[in-house]
Amino acid sequence: MGVESIVIEKLKASNKKITKSQKLVADYFLKNAEKVTYMTANQIGMEVGVSETTVIRFALSLGYKRFSDFQEDFRNEVIGDRTVQRLQKANLEFENNSPLTSSFKKDIENLEKTLSHINEDEFNEFISLLCKAKKIFIIGFRSSMADAFYLAFSLNAMLGNVKPITNTGMDLEDCLQTADEESVIIAFSYPRYTTFTLESVHYLKEEKKCTIVAITDSIHSPIIPHSDFVFLTEIDSYTPKDSHVAGIAFSNAIISAVGQVQKERVETNLNNLEKYFNKINIFYER
């Protein structure tokens, strides 16, 4: 349907007239399509200059039972449009360059932009805190699962107190129960931002007083209000899915920095692991 037509088509179907204030809300949705998909009705109302009730009534006038239903529908259309635009952009790019060359150039661009976003003093403060943490939990669901597992696997070998949270089962429950103010939570959160991530981080911040570190893509990411540290990575891609190259590169920077700060601890842990691996013959040898 597209973000431009979703409001118009719904209004036609509902046979209802909207007020002047509601027209302002509609206009704001169309001009700020991606931003509004993760804002609350109250936040949108404040931006537009109307009440939260006006925003909710606007959604109801389109035939939705709840504002959240309208927002979810709108979010899906925005993502669909973005995917189509991305593929159209890729087709134009590929007229002059091969997919191989274009994809590599795009990820190089993502890496350069990501590096420019990062404040090195803030990064060093985060690394210092990470090395002192009693427990470290790294959250990443769905497309962020690989990011979370890679970083947790590497850091746990070095520090010995890191757990990946990549599903909503026992690992997440253990995190929610045992994390405390001496714990650091690293959360990867990219579009489409999962409610599991947001709800878990909110609980861990408010109830367990953990330090929250967000690795995300935009200043509009809904995880940011719950975070103590925020690191933005570029995710632009010529595929229907976002690129995670910059996120993995940032994980490598974390791993490298921890290795420098905790040299003795890391060396001891890695040597112990190697002794264990040799004892059980875990690796193939010629």
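The values are calculated or read from the model by the stated rules, or taken from the named source; none is laboratory data. Just so we're clear, the structure is a prediction, and the values are computed from it rather than from any experiment. So basically every Cβ, Gly included, is an ideal-geometry build from the backbone, and we count neighbours across all protein chains shown.
Descriptive notes on the structure:
- Of all residues in region 113-134, those satisfying the criterion of being within 18 Å of Ile212 (Cα to Cα) and either touching a helix residue (DSSP H, G or I) at 6+ places or on another chain (Cβ under 6 Å) or hydrophobic (A, V, I, L, M, F, W, C) (or both) are Ile118, Phe123, Phe126, Ile127, Leu129, Leu130, Cys131, Ala133.
- Figure legend. Inter-residue proximity from region 42-55: first residues over 13 Å from Ala26 (Cβ atoms), second residues in a loop (DSSP other than H, G, I, E, B) and modelled with pLDDT under 90, beta-carbon distance below 9 Å, spacing 6+ or different chains. Indicated pairs: Glu47/Asn32; Glu47/Met39; Glu52/Thr40.
- Against the test of being small (Gly, Ala, Ser), farther than 25 Å from Ser154 by Cβ and more than 8 Å from the chain's Cα centre (by Cα), the options Ser200, Ser183, Ser218, Ser227 yield a single qualifying residue, Ser218.
- Matching residues, region 114-144, being aliphatic (A, V, I, L, M) and under 20 Å from the mean Cα position of the chain (by Cα): Leu115, Ile118, Ile127, Leu130, Ile136, Ile138, Ile139
- Phe231 fulfils the conditions (1) in contact with a strand residue (DSSP E or B) (Cβ under 9 Å, 6 or more places away or on another chain); (2) among the aromatic types (Phe, Trp, Tyr); (3) part of a loop (DSSP other than H, G, I, E, B) except for a single criterion, (3).
- Scanning region 259-286 for residues that are part of a loop (DSSP other than H, G, I, E, B), surrounded by 13 or more Cβ atoms within 10 Å (Cβ to Cβ) and out of contact with any helix residue (DSSP H, G or I) (no Cβ under 6 Å at 6 or more places or on another chain) yields nothing.
- Some residue of region 151-159 being farther than 23 Å from Phe123 by Cα and either outside the structural domain of His117 (by TED's automatic domain parsing) or crowded, with 20+ Cβ neighbours inside 10 Å (or both): no
- Residue list for region 104-124, restricted to those being touching a residue at least 40 places away in the same chain (Cβ under 8 Å) and more than 13 Å from Ala246 (Cα to Cα): Glu122, Phe123, Asn124
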